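Starting off with a structure, shown below.
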Amino acid sequence: MLRNLDQVKLLFSEVRTREAFFDMDDKEPTEKEGCTDSRVGLYTFHGSKGLEFDHVMILDVNEGIMPSPKAEGDSLEEERRMFYVAITRAKSSLTLITVDRRNGKKMFPSRFIAEMQEET
């Protein structure tokens, strides 16, 4: 990830305006610029439907984030379904990332992780 960070910093170093940011998609990275064919895509759970990726990383898989604190009944089931959609996009590897603390508050892994462990 640190190697990729250097590549991202290099790519963004020339972005000075909002328009330049949105035009970046048209710019193909080259070896000369320090980039390779490897790319990172950011998707919402909904946006990843129907797609597959070699490697998937899902951040903030913590209770109170996934599922949200307001999720109950049908909305909780919908969040569980969307989480399932996200984890099944991975062809080779799936990485779930949790945090111990956020803004000084103790955080706990999502119940969805425990549910996955129960099924194996």
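The values are calculated or read from the model by the stated rules, or taken from the named source; none is laboratory data. Computed from a prediction, not measured in an experiment: that's the story for all the values here. Using ideal geometry, Cβ is built from the backbone for each residue, glycine included, and neighbour counts are taken over all protein chains shown. Heavy atoms of the whole protein, side chains included, go into the accessibility calculation; ligands, DNA and RNA do not. Shrake-Rupley method; radii C 1.70, N 1.55, O 1.52, S 1.80 Å.
Residue by residue through the range 44-53, note down the ones that are touching a residue at least 40 places away in the same chain (Cβ under 8 Å) and assigned to a loop (DSSP other than H, G, I, E, B).
Within the range 44-53, the subset touching a residue at least 40 places away in the same chain (Cβ under 8 Å) is 45, 48.
Selection gives F45 alone.
Which residue is nearest to K49 (Cα to Cα), if the candidates are limited to the range 89-111 and must be charged (D, E, K, R) and assigned to a loop (DSSP other than H, G, I, E, B)? Break it down stepwise before answering.
Residues of the range 89-111 charged (D, E, K, R): 89, 91, 100-102, 105-106, 111.
When the remaining residues are screened for being assigned to a loop (DSSP other than H, G, I, E, B), the result is 89, 100.
On the way: R89: 8, D100: 29 Å.
Here the answer is R89.
Looking at the range 62-83, which of its residues are of a type in the set (D, E) and part of a loop (DSSP other than H, G, I, E, B)?
E63, E72, listed by residue number.
Take the residues in the range 54-79 that are open to solvent by 60 Å² or more (accessible area, probe 1.4 Å) and without any contact (Cβ under 8 Å) to a residue 40 or more places away in the chain, then tell me which one is nearest to the chain's Cα centre (by Cα).
Selected residue: L59.
Within the range 90-111, restricting attention to residues that are open to solvent by 60 Å² or more (accessible area, probe 1.4 Å) and hydrophobic (A, V, I, L, M, F, W, C), which residue is nearest to the chain's Cα centre (by Cα)?
Here the residue is L94.
So which of A114, A86 is under 26 Å from R39 (Cα atoms), open to solvent by less than 80 Å² (accessible area, probe 1.4 Å), not in a strand (DSSP E or B) and not acidic (D, E)?
It is A86.
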